[in-house]
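**Q** One structure, as structure tokens, below. Some questions next.
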Amino acid sequence: MVSVHNTEILNMFVTLAGFTNNEVYIVNQDGTVVTESGITGIATGEKIDEKELTQLQDGHAIDKEFHYLPSTERFLVSGRPIFNESKFEGGIYVMSSLDAIDHSISQVKRLSLISGIVALIIGAGFIFVLSRRISAPLLKMEKATREISRGDLKTRVNIHSNDEVGQLAVAINDLAIELERYRTNRQELFANISHELRTPITYLEGYANVLQEGLYHSEEEKNQYLSIIATETRRLIHLINDLFDLAKAEEEQLGMNKEAVQLSRVLKAVIVKVGLKAKEKGIQIIEDISEQDKTILGDEQRLEQIFINLLENAIQYMDEGVVHITLEEGTTDYVRVIIKDNGQGIPTSELPYIFERFHRVEKSRSRDYGGTGLGLSIVKKLVELHGGRIKVTSVVGKGTTFVLSFPSMH
Ligand code: ADP
């Protein structure tokens, strides 16, 4: 228990004050300082303010600032009353130098300012390094895309990282490869087109000259030349129409009027259309088109175009024989149309290419038939535009089978 009369305890407080860097003074019940830890300005025997004493007697704490005038040092003074079994015995005051606190605060302020500046410098450095790491490849890519857009399609971006920047570089390279492929393809296409156009035009020009100059010996010879001109003109029209269809199909712009189409109806109409040609060659068309309602979502005209092309080919590349047309339920969700002929067939080595533009198996023969080499590529595109697939199998001398599958409607 604290007692202002116990000198040992009083001394202990003074010692403790020394440890904690604070000053202490203790007053008795009259408000007289009985001990102090060597405070300048407060001496043993001095009396505290009467008001303060009353406050302590009433059990109230005292908190105030103390300024010892000759010096500039300020103190925060905190006084607490001492009661012994509810009897007022005096009070104990602790004084902490405000200068020390101020010093600590300004030290903390300085420290936080320094650490702020250091953090700012580190942050700025980090951002600089990071932005260099990001911007350098971006600049590289910008340069590459500009070169690509100028037509230098061999340009590639040489960045191999596993992040978004790396992915962007791969995408730019893929784009360049695709553009290069497209350009080569287009160059080949134009070379083919000009070649295909030149042949009939050369015939037309040549025979027109012969007729104009009267370089024929009989009316029969003249008619023969006129019929060549007519055939070549038809070939030109055919070629131009095919080219136009192919271009539109490749751009997927072909005006597709998709609606529910009953395939058996389309196939029957097609068989009637090619019937005359088949009959002329002594070819029989056998159909196995059940009356079942096999409906697909498609463009009736384009579907007709697909089947006419395939049937005309079957008739074209066969001297005599039979063409089978079958309509059947394929695997789930698909309907199948099978066109099988027993004509001359296609060599296995040629099969992978027959759907390519201008590919003819036997060039001169196909030309004799008036073929453009575009028919099957148009067919393939049209089938794909219907969400379908086309497959071919063939044995030379035995015949060819085309299997088409289309997604069915439910
Ligand atoms: P073309 O206008 O020359 O007929 P296609 O693209 O329709 O062109 O066909 C490409 C080539 O495939 C043809 O030149 C022909 O040699 C071959 N071909 C297509 N269909 C058949 C078939 N049913 N039987 C044999 N050969 C065929």
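Nothing in this text is a laboratory measurement; each read-out follows from the coordinates by a stated rule. The shown structure was predicted, so the numbers you read here are calculated from the model rather than taken from an experiment. Cβ placement follows ideal geometry from the backbone for every residue including glycine, while neighbour counts extend to all protein chains displayed.
**Q** Which lysines, if any, have their Cα less than 28 Å from the Cα of LYS109, not counting same-chain residues under 8 positions apart?
**A** Filter leaves LYS64.
**Q** With viscosity set to 1.567 mPa s at 4 °C, what whole-number translational diffusion coefficient in µm²/s follows for the range 15-110 from Stokes-Einstein and a Kirkwood radius over Cα pairs?
**A** 92
**Q** How much length is gained on full extension from VAL272 to GLU164, taking 0.36 nm per residue of separation minus their Cα-Cα distance?
**A** Difference between extended and current length: 33.0 nm.
**Q** While we're here: Calculate the FRET efficiency for ASP293 and GLU384 from the Cβ-Cβ distance with a Förster distance of 30 Å, rounded to the nearest 0.05.
**A** The computed FRET efficiency comes out at 0.75.
**Q** Taking trypsin sites (Lys or Arg not before Pro) that fall in a DSSP loop and have at most 15 other Cβ atoms within 10 Å as cut points, what is the longest piece of the chain between them? Each step should come with its number before you reach the end.
**A** Working: sites that count: ARG150, LYS154, ARG156, LYS258, LYS281, LYS398.
Free of exposed loop sites, the longest segment is 1-149.
**Q** Can you give the helix-only mean residue ellipticity at 222 nm for the chain, where every DSSP H stretch with n ≥ 4 adds -39500 (n - 2.57) and the sum goes over all residues, rounded to the nearest 500 deg cm²/dmol? Before the final figure, lay out the partial values.
**A** Details: 9 runs with 206 residues, N = 410.
Calculated from helices alone, the mean residue ellipticity at 222 nm is -17500 deg cm²/dmol.
**Q** Mind giving me the nanometre distance, one decimal, between the label points for GLN262 and SER149, set 7 Å out from Cα along Cα→Cβ?
**A** Going by the 7 Å Cα→Cβ label model, 5.5 nm.
**Q** If the viscosity is 1.306 mPa s and the temperature 10 °C, what translational diffusion coefficient in µm²/s does Stokes-Einstein give for the chain when Rh comes from Kirkwood over Cα pairs?
**A** This corresponds to a translational diffusion coefficient of 50 µm²/s.
**Q** Output wanted: per-residue J couplings in Hz (rounded whole) for the range 32-41, from phi through Karplus 6.51 cos²θ - 1.76 cosθ + 1.60, θ = phi - 60°, x for Gly and Pro.
**A** After applying 6.51 cos²θ - 1.76 cosθ + 1.60, I find 8, 5, 9, 8, 8, 8, x, 7, 6, x Hz.
**Q** Once the Cα atoms of helix 219-250 and of the chain are each reduced to a long axis, what angle between those two axes, in degrees from 0 to 90 to the nearest 10, is obtained?
**A** Once rounded, the angle reads 20 degrees.
**Q** Here's something else I'd like to know. Mind checking the full-extension length gain between PHE126 and ASP58? Use 0.36 nm per residue of separation minus the Cα-Cα distance, one decimal, nm.
**A** Using 0.36 nm per residue and subtracting the Cα-Cα distance, I get 18.2 nm.
**Q** How charged is the neighbourhood of THR72? Take every other residue with its Cβ under 12 Å from the Cβ of THR72, and add Lys/Arg as +1 and Asp/Glu as -1.
**A** -2
**Q** Name the residues whose placed amide hydrogens come within less than 5 Å of the amide hydrogen of GLY345, ignoring near sequence neighbours (fewer than 5 apart) on the same chain.
**A** Here GLY397, GLY399, THR400 satisfy the definition.
**Q** Another question about this same structure. Looking at the range 242-322 from every direction and averaging, what is the projected area of its Cα convex hull in nm²?
**A** The Cα convex hull of the range 242-322, projected and averaged over all directions, gives 6.0 nm².
**Q** Calculate how steeply helix 7-19 sits against the longest principal axis of the alpha-carbon atoms of the chain, using the helix alpha-carbon long axis, and give the answer as 0 to 90 degrees to the nearest 10.
**A** That works out to roughly 40 degrees.
**Q** What angle, in degrees between 0 and 90 and rounded to the nearest 10, separates the Cα long axis of helix 375-385 from the longest principal axis of the Cα atoms of the chain?
**A** 40
**Q** Set the Förster radius R0 to 60 Å, insert the Cβ-Cβ distance between ALA247 and VAL108 as r into 1/(1 + (r/R0)^6), and round the FRET efficiency to 0.05.
**A** Values: r = 78 Å, r/R0 = 1.31.
Efficiency, rounded to the nearest 0.05: 0.15.
**Q** Which whole-Hz couplings ³J(HN,Hα) result when phi for each residue of the range 322-332 is put into the Karplus expression 6.51 cos²θ - 1.76 cosθ + 1.60, θ = phi - 60°, listed in order with x for Gly and Pro?
**A** 10, 10, 9, 10, 10, 10, 9, 6, x, 5, 3
**Q** How much length, in nm to one decimal, is gained on full extension between THR231 and GLU329, taken as 0.36 nm per residue of separation minus their Cα-Cα distance?
**A** 31.1 nm
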